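Participant: There's a structure below that I have some questions on.
Any read-out appearing in this document is the output of simple, stated calculations on the displayed coordinates, not a laboratory observation. Note that the structure is a prediction, hence the values are computed from the model and not measured. Cβ sites come from the backbone with ideal geometry, for glycine too, and all protein chains shown count toward neighbours.
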Amino acid sequence: MSTQRIAFISVHGCPLARPGSKDTGGMSVYLHQLAQTLGRLGFLVDIYTRVHDSHDPMLVTVDENVRVIHVRAGPVRAPKNDLFRYLPRFMAQVKAYQQKHNLNYAMVHTHYWLSGLVGQALASEWGAPHVTTFHTLVEIKARARAGEKESDARSASERQVVASVDRIIVSTAHERGALQRLYDADEKKVRVVHPGVDLDLFKPGDQRAARDQLGLNGHHMLLYVGRLDPIKGLEVLLHTLASMETPRGVHLLVAGGNEHDEEYRRLNGVARKLDVQSKVEFLGSVEHTLLPLYYQAADVCVVPSYYESFGLVALEAMACGTPVVASRVPGLEAIVKDNRSGYLVAWHCPDAFSDRLEVLLANDALRQSMGREAHAQAQEMSWDGAARCVAEVYAELGVLALS
Ligand code: UDP
């Protein structure tokens, strides 16, 4: 068996970046949590990522076994869709660091298609196995919502990675099927590992105390958490809010985005046009560690996405004992159990969402029992469990942790 040093490659998603901003979301949380949990299991994890802030130190020690290595490749603020052209530079910088520090990697684990291309070359040069997690796949995304802008190179590159890699980790059985159907993936290479949730951070709390702490009033409160991206469906939720009728009044808090982003301004415009601006508060991105308070304060968390490969937000809300109303898309179907931990809504239409939300908001006992069920379901999905499954995939390729 080989040594246990793992190179995580994540060209655009840095585990230290603040989630909720434009291109930073679940993948950063996933990387951080998975690396730290693998570290506790006895792996040494080096995460190579692009510099995302000009003040980033090159090396950041996250904890005893986990480090982040920031690599300079292209302008700091380059948009995600431009990064393809900087991959040769990124790869050269990773190799230079590895050689300078004489590091031997037993495994390359890549995240997202851009990193898959880099990992393919590095793994073959280092003679190490290559595991990839795509996080999202363009062929599924394109079918979920027309008109998504993507790099021209993405589809062919994903195919190339699918064909060359040793193992592919997907979040759901649906994604495994899609890989076989749309990418002709060899089923023997694909493993389903559900991501997890930090159960020490996300847990139930007293709703009134949470509201007092956040300075919220007695209205019903809906919560949206996530990047502001059209594929997340927040616009449907704004229309839903405009059509809802509740005796106590209802407010929506939106955690995510940044007032300088185009989509933030566009959605504010939609809220004004629908005359719901007094019922919506755009908070910008909220510090991840503060989010439990928001989930605890909310009556319902709404996840109206057109596409989620998994949907960590739904799981975080459930871990806090908050029911979820989500669109019926495969990633969310794997988390939210319809009629038990919330509702799955089959149509991206405001009436379908307001129907389910009004039922829930009108019935305190129903919300509480769904919240309890949601919390119980989330207990089965810890990062510890997810990391142990990833470690099994590594073990299949001959890489074990030091115990
Ligand atoms: N998030 C956050 N602050 C925000 C908005 C989002 O910390 O203001 C986090 C959220 O808690 C979740 C992640 O960003 O862990 C979003 O992950 P998800 O899988 O739901 O969506 P993705 O970004 O992967 O599309």
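Participant: Do you know the relative contact order of the chain, to the nearest whole percent, from alpha carbon pairs under 8 angstrom that are 6+ apart?
Facilitator: 18 percent
Participant: Assign unit charges at the C-beta atoms only (+1 for Lys and Arg, -1 for Asp and Glu), then state the dipole size of the chain relative to its Cα centre in Debye, rounded to the nearest 20.
Facilitator: For the chain, the charge dipole is close to 660 debye.
Participant: From the square roots a ≥ b ≥ c of the eigenvalues of the alpha-carbon gyration tensor of segment 340-403, which class results: rounded (a/c under 1.5), prolate (a/b over b/c), or oblate? All intermediate terms of the calculation are to be shown ahead of the outcome.
Facilitator: Numbers: a/c = 6.98, a/b = 2.49, b/c = 2.80.
Judged from the Cα gyration tensor, segment 340-403 comes out oblate (a/c at least 1.5, b/c at or above a/b).
Participant: On a 0 to 90° scale, report how tilted helix 364-378 is relative to the longest principal axis of the chain, with both axes built from alpha carbons and the result rounded to the nearest 10.
Facilitator: Helix 364-378 sits at roughly 10 degrees to that axis.
Participant: Please report ASP229, ASP200 as a ranked list, fewest other C-beta atoms within 10 angstrom at the top and most at the bottom.
Facilitator: Lowest to highest Cβ neighbour count: ASP200, ASP229.
Participant: If you take the square roots of the eigenvalues of the alpha-carbon gyration tensor of segment 225-299 and sort them as a ≥ b ≥ c, do you get rounded (a/c under 1.5), prolate (a/b over b/c) or oblate?
Facilitator: Taking the square roots of the gyration eigenvalues as a ≥ b ≥ c, segment 225-299 is oblate.
Participant: Got a sec? Charge dipole of segment 251-370, +1 on Cβ for Lys and Arg, -1 for Asp and Glu; which of LEU290, VAL345, LEU253 is way out at the positive end?
Facilitator: Highest projection toward the positive end goes to VAL345.
Participant: Pairs of alpha-carbon atoms within less than 8 angstrom and 6+ residues apart define the contacts here; what relative contact order does segment 122-216 have, in percent? Please report the intermediate quantities before stating the final value.
Facilitator: On the way: 70 pairs, mean separation 24.0, N = 95.
With pairs under 8 Å counted, the relative contact order is 25 percent.
Participant: Another one. Over segment 296-403, calculate the relative contact order: mean separation of alpha carbon pairs under 8 Å at least 6 apart, over the residue count, as a percent.
Facilitator: RCO, segment 296-403: 25 percent.
Participant: Same structure, new question: So for the chain, taking the charge dipole from beta-carbon charges (+1 Lys/Arg, -1 Asp/Glu), which of VAL197, SER354, VAL118 sits furthest toward the positive end?
Facilitator: The listed residue farthest towards the positive side: VAL118.
Participant: Take the Cα radius of gyration of the chain and divide it by 2.2 N^0.38 Å, with N its residue count; two decimals is plenty.
Facilitator: Cα Rg divided by the expected 2.2 N^0.38 Å: 0.98.
Participant: Thinking of segment 190-265 as a set of Cα atoms, what percent of all their pairs are more than 20 Å apart?
Facilitator: Here the long-distance tail beyond 20 Å is 53 percent of all Cα pairs in segment 190-265.
Participant: Another question, then. Out of all DSSP beta bridges in the chain, what portion is antiparallel? Express it as a percent rounded to 5. Before the final figure, lay out each step's value.
Facilitator: Details: 5 of 52 bridges.
Roughly 10 percent of the DSSP beta bridges within the chain come out antiparallel.
Participant: Another question, if that's okay. If the only charges are +1 at each Lys and Arg Cβ and -1 at each Asp and Glu Cβ, what is the size of the charge dipole of segment 311-403 around the Cα centre, to the nearest 20 debye?
Facilitator: For segment 311-403, the charge dipole is close to 100 debye.
Participant: What value, in deg cm²/dmol to 500, does the helix sum -39500 (n - 2.57) over DSSP H runs of n ≥ 4 give at 222 nm once divided by the residues of the chain?
Facilitator: Helix-only estimate at 222 nm: -12000 deg cm²/dmol.
Participant: In which sequence would HIS219, HIS260, HIS52 go, from the one with the fewest C-beta neighbours within 10 Å to the one with the most?
Facilitator: HIS260, HIS219, HIS52
Participant: Additional query: Hey, fewest Cβ within 10 Å first, where do THR110, THR172 land in order?
Facilitator: Working: THR110 27, THR172 22.
So the ranking, lowest neighbour count to highest, is THR172, THR110.
Participant: Can you bin segment 138-188 into rounded, prolate or oblate? Criterion: square roots of the alpha carbon gyration tensor eigenvalues sorted a ≥ b ≥ c, rounded for a/c under 1.5, prolate for a/b above b/c, oblate for the rest.
Facilitator: Values: a/c = 2.43, a/b = 1.39, b/c = 1.76.
Oblate, because a/c is 1.5 or more while a/b does not exceed b/c.
Participant: Please get the size of the charge dipole for segment 155-301, origin at its Cα centre, with Cβ charges of +1 on Lys and Arg and -1 on Asp and Glu, quoted in debye to the nearest 20.
Facilitator: Approximately 260 debye in magnitude.
Participant: Measuring from centroid to centroid over Cα atoms, what is the spacing of segment 188-217 and segment 118-181 in Å?
Facilitator: Cα centres, segment 188-217 to segment 118-181: 28 Å.
Participant: Output needed for segment 89-200: three equivalent-ellipsoid semi-axes, defined as square roots of 5 times the C-alpha gyration tensor eigenvalues, in descending order, whole Å.
Facilitator: Its equivalent ellipsoid spans semi-axes of 26, 17, 14 Å.
Participant: Now a separate question. Over 23 Å between Cα atoms: which of LYS149/LYS232; LYS100/LYS189; LYS80/LYS141; LYS80/LYS232; LYS232/LYS337; LYS203/LYS337 fall into that group?
Facilitator: From LYS149/LYS232; LYS100/LYS189; LYS80/LYS141; LYS80/LYS232; LYS232/LYS337; LYS203/LYS337, over 23 Å: LYS100/LYS189.
Participant: Another one. Along the charge dipole of the chain, Cβ charges K/R +1 and D/E -1, which of SER164, VAL303, ILE335 sits furthest on the positive end?
Facilitator: SER164
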